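A short write-up of the structure that comes next.
The values are calculated or read from the model by the stated rules, or taken from the named source; none is laboratory data. It should be emphasised that the depicted structure is a prediction, and the values quoted were computed from it without experimental measurement. Here the Cβ is made from the backbone with ideal geometry for all residues, glycine too, and neighbour counts use every protein chain on show. Note: areas computed on protein heavy atoms with side chains; ligands, DNA, RNA excluded. Shrake-Rupley method; radii C 1.70, N 1.55, O 1.52, S 1.80 Å.
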Amino acid sequence: QVQLVESGGGLVQAGGSLRLSCAASGRTFSNYAIGWFREAPGKEREFVATVTWNTGSTVSADSVKGRFTISRDNAKNTVYLQMNSLKPEDTAVYYCAAGSYGGRWSSGYDYWGQGTQVTVSS
């Protein structure tokens, strides 16, 4: 059974940093993409970034380019989202997801974690 477990969320001041982790288990992810999405209160779920497991190629949303970096550690079966220069508008529940298609849309992902709260105070 596939499991994705996020961790690393919390409360941080604007301009600060957090690193989110997504520990994946239950199958081989070599042909999968792992993505991060976020959902703020009253807003739709939004794409943040994605990484292709076997090649390491990444795509990020324009809103986070230059501030957020997605990476993966094959040995640990873990994907990270390093978030720097955080802004209050980054406040959301952050979800990691795994899918054979991947991409910028949630429909490209088959498995989802439970989410981790990130709150950025001004």
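For region 39-61, which residues satisfy the criterion of being outside any strand (DSSP E or B) and either open to solvent by less than 20 Å² (accessible area, probe 1.4 Å) or among the polar types (S, T, N, Q) (or both)? Walk me through it before giving the result.
Within region 39-61, the subset outside any strand (DSSP E or B) is 40-45, 53-57, 61.
Scanning region 39-61 gives W53, N54, T55, S57, A61.
A quick yes/no check of all residues on (1) without any contact (Cβ under 8 Å) to a residue 60 or more places away in the chain; (2) at positive phi:
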{"site": "V59", "(1), (2)": "yes, no"}
{"site": "R67", "(1), (2)": "yes, no"}
{"site": "Q82", "(1), (2)": "no, no"}
{"site": "P88", "(1), (2)": "no, no"}
{"site": "T91", "(1), (2)": "yes, no"}
{"site": "Y94", "(1), (2)": "no, no"}
{"site": "G103", "(1), (2)": "no, yes"}
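From G9, G102, G42, G113, which residue is among the small types (G, A, S), modelled with pLDDT under 95 and within 15 Å of the chain's Cα centre (by Cα)?
Working: G9 fails: modelled with pLDDT under 95; G42 fails: within 15 Å of the chain's Cα centre (by Cα); G113 fails: modelled with pLDDT under 95.
Answer to the selection: G102.
Do you know which residues across region 1-38 are of a type in the set (V, I, T), open to solvent by 60 Å² or more (accessible area, probe 1.4 Å) and assigned to a strand (DSSP E or B)? Quick ask: steps written out before the conclusion?
Start the filter on region 1-38 by keeping residues that are of a type in the set (V, I, T), which leaves 2, 5, 12, 28, 34.
With the extra rule that they be open to solvent by 60 Å² or more (accessible area, probe 1.4 Å), the set shrinks to 5, 28.
Scanning region 1-38 gives a single hit, V5.
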